Amino acid sequence: MKQHTSIFFWLLLAPFALWLILLVIIPHIDMLGIALREQTAPREYAFSFKNFIEFFTEPLYWRTFMRTAVMSILATALTLLIAFPVSYYIAKMLRGRSKSFLFLLCLIPFWVSELVRTYGWMILLRETGVISNALQWAGLVSGPVELLYNDAAIMVGLVYTSMLFMVVPLVTVLESLDDDIIEASYDLGGNMWTTMRQIVIPHAMPGIVSGCIIVFMMTLGNYLTPNLLGGKDSLWFTEQIYTQFITRFNWELGSAFGILLLLLSSLIVWLGLKLSRQTLTSTMT
Amino acid sequence: MTQNVTAKNSNNSTIIDLETRNVNKHYGDFTAVDDVSLKIEKGSFFSILGPSGCGKTTLLRMIAGFDEPDSGDILIQGSSVLGVPANKRPANMVFQHLALFPMMSVADNVAYGLKQRKVASAEINKRVKNALESVDLGDSGKKKISQLSGGQKQRIAIARCLVLEPKLLLLDEPLGALDLKLREHMKVELKQMQSRVGTTFIYITHDQSEALVMSNKVAVMNNGAFEQVGTPSDLYYHPETSFVAGFVGDANKWQAKVTQVDNVSCTTQVANGPALRGKINGTAPIAVGEKVDVFVRPEAIKIVQSGQTADQNENSLQCTVVDLLFNGANSTALLVDVASGKELHVALPQTGEFIGLQKGEALTISWSQDQTHCFSSKFLHPRADT
Amino acid sequence: MKSLKLKKILLTLPLISATLFAGTSTYAEELRLLTWGGYAPDEVIKLFKEETGIDVKVTKSNNEDMISKLRATGGSGFDLAQPSQDRVTGAQENHDIYKPMDLSKINGGLFITSMLDATKANTTFKDNVYSVPHIWGTSGLVVNTKTAGMVKDYTDLCSKDLMGKVSYRLKRPTLIGFAFAMGLDPFAAYADKEKYTELMSKVEAKLVECKPVVKTYWTGGDALLNLLRSGEVTAAMAWDTGGWKLNKENKDITFVAPKSGALGWIDTFTLPRKGKNDEAAYKWINFVMKPEIAAKITAVAGNFTASKGADEFADDVLKAQFQDSFPQAALDNVKWYPPVPAGLEEIEGKVLDRVKAAK
């Protein structure tokens, strides 16, 4: 009996373990190996910390790194701020058909690829785009306005791309909150603000944290949106990694950046969990 | 029917904690609460009894402030609370599923209402401690809600409200989720707690035994309206409508046609069955030829000893025993009327004299005309103020 | 992190597909071609199949991508690649991804002799020739002559009059072009890293100074054409073909050879080190260099080939546009890219990074 269960256990685990080892662990070990070497002559490499030292001594890389982290955190916070009322409305105010309709509405943008969605924003925001033309038509501005190619455009794109991934865990967690409990809070003298702060948000915390982790990771690793909407100043760390790998043929520095990004995201997620007093397991269930 | 309530009010010796005046509530075409008026004295344990969907929860939610009536007025200690939100009303509610806050400790649950009122923290600690001790949970303050048993959760839900010293405590079938034994225990505990703290309790339930055991006064509600308001024994012995007679306590019921009326009693004929004589109940007058419901309680029926004959002034029937339902003090016999084939429940007194009763045995039963209640089948709205 | 993993997968994918195709290639003969968009039109592939029975499987790419792909697989997965001639020896020295070409298998008579000789000289590494030429073209300025007629050279893209109406790439051609326009000679400094670094820092200063004028640094050719078409951009640094394409739609927009000289590039045929079907590769080269076939490719790609006599078959509009953009003096002034020595890309990369980060 014991023998059987263990065989089944390993059989069930096998695809996942294979996936983990082949596509996650081995590439990362390989990447670490590449990150820890430098080219001494054509086709010759030696062990070195040069790539990591370069990251810390070149302010450009360090700045891009911090900028990416700060923008990602900001995008996550904005997404949460917008998604929370939407989720609350879907989960608590609506019933039946209108509920699934609104939920579907959140889903629709994800039926097309990220590239198409981003081009959609470009069509809206560009100088000869929809918004610029509408503003001119309404007489609010005298000439064309360029809304594209700045940090605000990046932010809009990132928040838009992330919405669903915040709304889904929030709606799930808010639906699990009994209406009775919210009414009990009012009944005992609570107002909207205290009910939100002391009842709804603590209850929704696992959903908030898991939504934030997903959105943060997605934003940090996003490449298309900052690149296409950001224009000439759009520094983004994944773009830097891409450039090192593909256009500079500098796999060594690219790998070092990859490792650092992995460490940064792990650190920020860890900090987030500590601050919100959640554990990774509690947010995943 | 509500004369009892209003009569006491008239001598000015009692305070009315809650009054509703012609309260109505509609959801689309559906009338949830239909012109309900009531007055509840301070310090009483008042139950609203009715089947599910009768509108009792809607009424309670309007009193709590979660819903507003379409018309009518609700007054707490003489002042209207219409437009006053739930969090400003001096009434607190114990929810059906208790609705304790799982994200807080037991003590924080009890302290929640006080914190909303910005009571000083030293004062909060003192009152929370007293409240927990008063429900025998003095050392459970630091526990999580999930660590409490069903009965303990129940007590915390009540303590959480009582610590606020509300004028009204509203209880929405809070015993429904408990198992039978605990429910029986909590009935007694709730009744004792109410008489100890003296707060007015308004308790809604579909379980007549809860209502009868705990309450000073019970309102029986059906289709959004009150059928009868009275003490538990009033309802049981002097039901005023057919619905109350059928809903409160057990009863055998016939549908019959009136053949003769004299003053307070009448003679009726059951189709293909016996002729029964009984008292005319309810406010509606009864005329010959009218359809009536005839009720008799299982414990009012006597089994005539073999060899004796039934009293001529009493109703009597020839029956055979279908089954014996032993349930200790509540044992009954299931009989079938030989003439009409109707099934009847008869209480078996535990004096031992019917211990030898057998299935299939033929016997005669009888009961007095005074214990036979006749109601007009036409439903008449019993206005509380008429 | 996520996209990095993705990148890792992308880099290993050709490896996997290479092993898969290695198995299938024995059944149906196939030529796996790593090339640029437009260099292998469907019509030509069909004609080739009719003549030789060989299927051509095209993967579209660009210079950097070709090197990255071949580097990831050690030079396998493809039978023929088309890097620019200046990017062959450096990549070969660093990554060992190509194999020498057997010139006896090439029909040299099909090529314009001077171009063949130049490419052979430029792609010789350790006495082996690695490439023969295929398509050539230039990059310079695409200008709306009505609104930005004063743009005659790369540095004119810095003019304050064009604020927010300018676009160019943040890639090495921009650095080289600006260097020439500033009166410097980057090609002469190729051999001396120190001198090159110094020269590039001057270019960096100029590009940072120009940054406020730039609307956006373009990354895809189609996106740039859209910007020019809508009038959001009136002057840009781009390939000649893009300018001519727009010229067909709007007479005001055309390609202008800069005063300091257009930058000339030649895309080659080069054999990946672990290619499986060299014979098919040679057959393809000899096939597409036939004048009538080369003309078909010119019609699609918009650029001229190194095929001798193909001009006769070329489209008259294109020829007229070419002559318009390139009077004899401008043609003589074209700066052809010499081979990039290994290591220069790193210097340029840092300059580009700093320009991007500058405020």
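Read the figures in this text as sums done on the coordinates, not as results from a lab. Just so you know, these numbers come straight off a predicted model, no measurement behind them. Reconstructed Cβ throughout: ideal geometry from the backbone, glycine too, with neighbour counts over all protein chains shown.
Just a few scattered comments:
- Residues residue A:135 and residue B:68, FRET efficiency given R0 of 51 Å [Cβ-Cβ distance, rounded to 0.05]: 0.70
- Across chain A, the mean sequence separation of Cα contacts (distance under 8 Å, 6 or more residues apart), normalised by length, yields a relative contact order of 25 percent.
- The ranking of C:285, A:123 by Cβ neighbour count inside 10 Å, starting from the fewest, reads A:123, C:285.
- Checking the cross-link pairs C:69/C:276; C:248/C:319; C:46/C:248 against a 18 Å limit on the alpha carbon distance flags C:46/C:248 as lying beyond it.
- Share of pairwise Cα separations in the range B:137-192, more than 17 Å, in percent: 40 percent
- Cut-off 14 Å between beta-carbons: net charge of the residues surrounding residue C:48, Lys and Arg +1, Asp and Glu -1: -3
- Per residue of peptide B:92-104, the mean number of Cβ atoms on other chains within 10 Å of the residue Cβ is 5.
- With a Cα cut-off of under 19 Å and a minimum spacing of 8 residues unless on different chains, the lysine pairs in the range B:198-297 number 5.
- Label-point separation, residue A:274 to residue C:65 (7 Å along Cα→Cβ), nm: 4.3 nm
- DSSP beta bridges fully contained in the protein assembly as shown are about 70 percent antiparallel.
- In this structure, residue A:105 and residue A:191 have a Cβ-Cβ separation that, at R0 = 41 Å, corresponds to a calculated FRET efficiency of about 0.85.
- Each of A:251, A:137 was scored by other Cβ atoms within 10 Å of its Cβ. Listed from fewest to most, they are A:137, A:251.
- Ascending count of other beta-carbon atoms within 10 Å, so fewest first, for A:212, A:106: A:106, A:212
- For chain B, DSSP calls about 75 percent of its internal beta bridges antiparallel.
- Orientation-averaged projection of the range A:34-186 equals 16.8 nm² [convex hull of Cα atoms, one quarter of hull surface area].
- Long-range tail of P(r) for the range A:117-229 (Cα pairs > 19 Å, %): 61 percent
- Listed residue pairs exceeding 23 Å between alpha carbons, taken from B:42/B:181; A:274/B:129; C:152/C:296; C:146/C:206; C:152/C:202: B:42/B:181; A:274/B:129; C:152/C:296; C:146/C:206
- HN-Hα J in Hz across the range B:285-302 - Karplus 6.51, -1.76, 1.60, θ = phi - 60°, x for Gly and Pro: x, 10, 10, 4, x, 7, 7, 9, 9, 10, 10, 8, 7, x, 7, 7, 8, 9
- Normalised contact order of chain C, rounded percent, pairs of Cα under 8 Å and 6 or more residues apart: 26 percent
- Calculated on C-alpha atoms, the gyration radius of chain C divided by its Kirkwood radius gives an Rg/Rh of 0.96.
- When the square roots of the Cα gyration tensor eigenvalues are ordered a ≥ b ≥ c, the ratio a/c for the range C:257-346 is 1.5 or more and a/b does not exceed b/c, which makes its shape oblate.
- Rounded if a/c under 1.5, otherwise prolate or oblate - the range A:51-284, Cα gyration tensor axes: oblate
- Cysteines in the protein assembly as shown that, by Cβ-Cβ distance, have no pairing candidate under 4.7 Å: A:106, A:212, B:54, B:161, B:266, B:319, B:374
- Taking every alpha-carbon pair in the protein assembly as shown and binning the separations at 20 Å intervals from zero gives 10, 27, 22, 15, 15, 9, 1, 0 percent.
- Distance in nm between pseudo-label sites at residue C:286 and residue B:250 (7 Å out along the Cβ direction from Cα): 10.8 nm
- Listed by chain and number, the aspartates and glutamates placed with their C-alpha closer than 19 angstrom to that of residue B:118 are A:187, B:108, B:165; residues fewer than eight positions away on the same chain are left out.
- Point-to-point label distance, residue B:339-residue C:29, nm (Cα→Cβ direction, 7 Å offset): 11.2 nm
- Each Cα pair under 8 Å and six or more residues apart adds its separation to the average, and for the range C:98-243 the resulting relative contact order is 34 percent.
- The share of alpha-carbon pairs in the range A:132-183 lying farther apart than 14 Å comes to 71%.
- Per-pair calculated FRET efficiency, R0 = 35 Å: residue B:144 and residue B:84 via Cβ, rounded to 0.05: 0.55
- Antiparallel %, DSSP beta bridges [both residues in chain C], to 5: 65 percent
- Ellipsoid equivalent to the range B:1-151 - semi-axes via the Cα gyration tensor, in Å: 33, 20, 16
- The range C:199-298: radius of gyration over Cα atoms, expressed as a fraction of 2.2 N^0.38 Å: 1.50
- The fraction of Cα-Cα pairs per 10 angstrom bin, counted from 0 for chain B, comes to 5, 20, 25, 22, 16, 9, 3, 0 percent, rounded to whole percents.
- For q = 0.21, 0.26 Å⁻¹, Debye-computed log10 I/I(0) when each Cα of the range A:74-130 counts as one equal scatterer: -0.95, -1.01
- In this structure the amide hydrogen of residue B:227, modeled in the peptide plane, comes within under 5 Å of the amide hydrogens of B:220, B:221, B:222, none closer than 5 places in sequence on its chain.
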